[in-house]
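Asker: Before I ask anything, here is the structure I am working with.
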Amino acid sequence: GGGGGAAMAEGEALVSVDYEVFGKVQGVFFRKYTQGEAKRLGLVGWVQNTSHGTVQGQIQGPTARVQELQEWLRKIGSPQSRISRAEFSNEKKIEALEHKDFQILK
């Protein structure tokens with residue numbers, strides 16, 4: 001293990017979480033809005049459509065910001081979307097961000 005270096009402030013621990021959003025979330029610019037919201041919050045990760053009509057991806061960043069985007073994915077989404085539910089899984093603490101930015105994957 002490495003020593004030294006200042007520890008991050010409490011509450012600023014980095015987390016990674018996977019998500020899947022169900023409902024009318026394809027063809028309504030959901031990915032574009034998700035990317036915009038993630039960038040506004042300073043988060044990294046990705047978003048993509050699935051073959052079964054949902055949107056899935058991964059979010060990484062400070063815990064509080066990640067939770068904000070989770071709430072957004074659960075309740076808001078893009079203006080024309082109709083979210084029935086959002087599921088989150090594989091939540092874990094990470095030492096460093098694994099993505100450079102927030103990308104829309106095809």
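Asker: Going by what's in this entry, would R31 be described as more than 9 Å from the chain's Cα centre (by Cα), assigned to a strand (DSSP E or B) and of a type in the set (K, R)?
Answerer: no
Asker: Taking only segment 24-70 into account, find how many residues are open to solvent by 40 Å² or more (accessible area, probe 1.4 Å), of a type in the set (D, E, K, R) and under 19 Å from K106 (Cα atoms).
Answerer: Looking only at that region, the number is 4.
Asker: Please count how many residues of segment 74-83 are open to solvent by 90 Å² or more (accessible area, probe 1.4 Å) and in a strand (DSSP E or B).
Answerer: Matching residues across segment 74-83 total 1.
Asker: Where the second residue is of a type in the set (D, E, K, R) and assigned to a strand (DSSP E or B) and the first is under 16 Å from E20 (Cα atoms) and lies in segment 87-103, which pairs have Cβ atoms under 6 Å and are six or more apart or on separate chains?
Answerer: E87/E20; S89/D18; N90/D18
Asker: Looking only at segment 85-106, count how many residues are of a type in the set (D, E) and in contact with a helix residue (DSSP H, G or I) (Cβ under 8 Å, 6 or more places away or on another chain).
Answerer: The qualifying residues number 1.
Asker: Could you pull out the residue among V17, V21 that is over 19 Å from K106 (Cα atoms) and within 14 Å of the chain's Cα centre (by Cα)?
Answerer: Exactly one residue qualifies, and that residue is V17.
Rundown of residues vs (1) part of a loop (DSSP other than H, G, I, E, B); (2) open to solvent by 90 Å² or more (accessible area, probe 1.4 Å); (3) of a type in the set (S, T, N, Q), yes/no style:
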position	(1), (2), (3)
W72	no, no, no
R85	no, yes, no
N90	no, yes, yes
L97	yes, no, no
K106	yes, yes, no
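The values are calculated or read from the model by the stated rules, or taken from the named source; none is laboratory data. All values derive from a computational prediction rather than experimental measurement. Note that we place each Cβ from the backbone using ideal geometry, even for glycine, and neighbour counts take in every protein chain shown. Ligands, DNA and RNA are excluded from the accessible area calculation, which covers all protein heavy atoms including side chains. Shrake-Rupley method; radii C 1.70, N 1.55, O 1.52, S 1.80 Å.
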